[in-house]
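Peer 1: Pasting a structure below so you can have a look.
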Amino acid sequence: MTDKEILALYRSGETQKAFNMIVEAYSERMYWHIRSLVCSHEDADDLVQDVFVKIWAGLPSFRAEAQLSTWLYRIATNEALNFLNKQKVRAALSFERLSDNLERKIEDDPYFDGREAERLLQKAIQKLPKKQKTVFCMRYWQEMSYEEISEILESSVGALKASYHFAVEKIKEELKEKFSDLF
């Protein structure tokens with residue numbers, strides 16, 4: 001069922017059925033999007049639940065000025081970034097860097113079964129500034145177009161392309177030591 005059909009179903013009064021269809025259609029995508037930003041399975045799982053609570057609460061006021069998927073990703077992205085901001089404050093209060101905390105989560109995550117190269121890539125991504133990390137994850141992992149990302153993050157395509165470029169360059173630099181024969 002398309003997003004338009006889901007919204008029509010919602011507006012016809014079948015709110016629970018429409019919401020269930022949104023959850024069915026988007027829960028896995030939301031999970032992986034959020035997980036790419038926060039690293040931890042448990043944190044991503046909790047945030048996905050929070051995202052769907054916000055979606056349920058916000059559906060009555062959704063005006064469809066943007067696509068449903070754009071609105072959903074905006075909520076998910078904002079929840080993940082808010083979570084990371086809170087983690088950053090907690091890390092500062094405990095005198096540690098957020099990137100160190102996220103790297104440790106990658107190492108300790110029993111659900112992460114990636115090879116060493118992927119583990120090193122994830123660690124490099126966690127060292128990026130928030131905007132570059134977000135753009136990189138949406139473009140690289142979610143394979144979103146710059147136009148889609150622009151709608152979600154409410155930023156210009158040119159700025160997003162620059163952020164992605166800088167992110168890629170920083171990741172290459174970070175990985176250069178470990179894989180000097182590839183660069």
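The values are calculated or read from the model by the stated rules, or taken from the named source; none is laboratory data. Remember, it's a predicted structure, so these values are computed and weren't measured experimentally. Quick reminder, even Gly has a Cβ in these numbers, built from the backbone with ideal geometry, and neighbours come from all protein chains shown. With ligands, DNA and RNA removed, areas are computed over all heavy atoms of the protein, side chains included. Shrake-Rupley method; radii C 1.70, N 1.55, O 1.52, S 1.80 Å.
Peer 1: Do we have Lys123 as modelled with pLDDT under 95, open to solvent by less than 30 Å² (accessible area, probe 1.4 Å) and among the basic types (Lys, Arg) here?
Peer 2: no
Peer 1: Moving on. Pairs under 6 Å by beta carbon, first residue part of a helix (DSSP H, G or I) in region 165-177, partner open to solvent by 90 Å² or more (accessible area, probe 1.4 Å), six or more apart or different chains?
Peer 2: If the second residue must be open to solvent by 90 Å² or more (accessible area, probe 1.4 Å), the pairs left are Lys176/Phe183.
Peer 1: Further, regarding this structure: Residues that are closer than 23 Å to Leu153 by Cβ and open to solvent by 20 Å² or more (accessible area, probe 1.4 Å): which helices (runs of 4 or more DSSP H) entirely in region 1-86 hold 3 or more of them?
Peer 2: Helices (runs of 4 or more DSSP H) meeting the threshold: 15-38, 41-58.
Peer 1: Could you list all residues from region 130-160 that are outside any helix (DSSP H, G or I) and open to solvent by 50 Å² or more (accessible area, probe 1.4 Å)? Give the derivation first.
Peer 2: Start the filter on region 130-160 by keeping residues that are outside any helix (DSSP H, G or I), which leaves 142-145, 154-156.
Scanning region 130-160 gives Glu143, Glu154, Ser156.
Peer 1: Which pairs turn up if I take residues in region 51-80 that are within 21 Å of Gln16 (Cβ to Cβ) and at pLDDT 95 or above and look for partners that are open to solvent by 30 Å² or more (accessible area, probe 1.4 Å) and assigned to a loop (DSSP other than H, G, I, E, B) with beta carbon separation below 8 Å, at least 6 apart in sequence or on another chain?
Peer 2: none
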